[in-house]
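Taking it in order: structure first as structure tokens, then the write-up.
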Amino acid sequence: MILKHEIWFEKVGLNYIPCHWKGFAVMGAVILPTLCATFVGQWALDRFGYGSVDWLAFPTFFIPALVLLLGIAKRYS
């Protein structure tokens, strides 16, 4: 018995585009917490007097989220 998996993302060029509601849900579930963590991280750095390293919060949370989302998109494409 061959099991078929659902297609949540379509590969277009070098990108993955969501084509199923679960693809959009996965993107939202990864992007929303990443943005929240980035904003809270920047706020915390400002609050503790490290305003010069505000840029650090973005790659700290964005890069792992991007790798996770690309892995999920590749699996479900």
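For the reader, a short list of remarks on this structure follows.
- Ordering Val67, Pro33, His20 by Cα displacement along the dipole of the chain toward the positive end leaves His20 in first place; charges were set at the Cβ atoms of Lys, Arg (+1) and Asp, Glu (-1).
- Neighbour net charge for Phe39 - beta-carbon separation under 15 angstrom, K R +1, D E -1: -1
- C-alpha long axis of helix 21-47 to longest principal axis of the chain, angle in °: 10 degrees
- Only Lys, Arg, Asp and Glu carry charge here, each on its Cβ (+1 for the first two, -1 for the last two); on that basis the chain has a dipole of about 320 debye about its Cα centre.
- Apportionment of accessible area to carbon and sulfur, the chain, percent (1.4 Å): 73 percent
- Over the chain, relative contact order from alpha-carbon pairs under 8 Å, at least 6 apart, %: 40 percent
- Rounded to 10°, Cα long-axis angle of helix 57-75 versus longest principal axis of the chain: 0 degrees
- With protein chains left intact and a 1.4 Å probe, residues in the chain average 77 Å² of accessible area per residue.
- Extension gain, Phe62 to Ala44: 0.36 nm times the residue separation minus the Cα-Cα distance gives 4.8 nm.
The values are calculated or read from the model by the stated rules, or taken from the named source; none is laboratory data. From a predicted model like this one, the values you see are computed outputs, not experimental measurements. Using ideal geometry, Cβ is built from the backbone for each residue, glycine included, and neighbour counts are taken over all protein chains shown. The accessibility values were calculated without ligands, DNA or RNA, using every heavy atom of the protein model including side chains. Shrake-Rupley method; radii C 1.70, N 1.55, O 1.52, S 1.80 Å.
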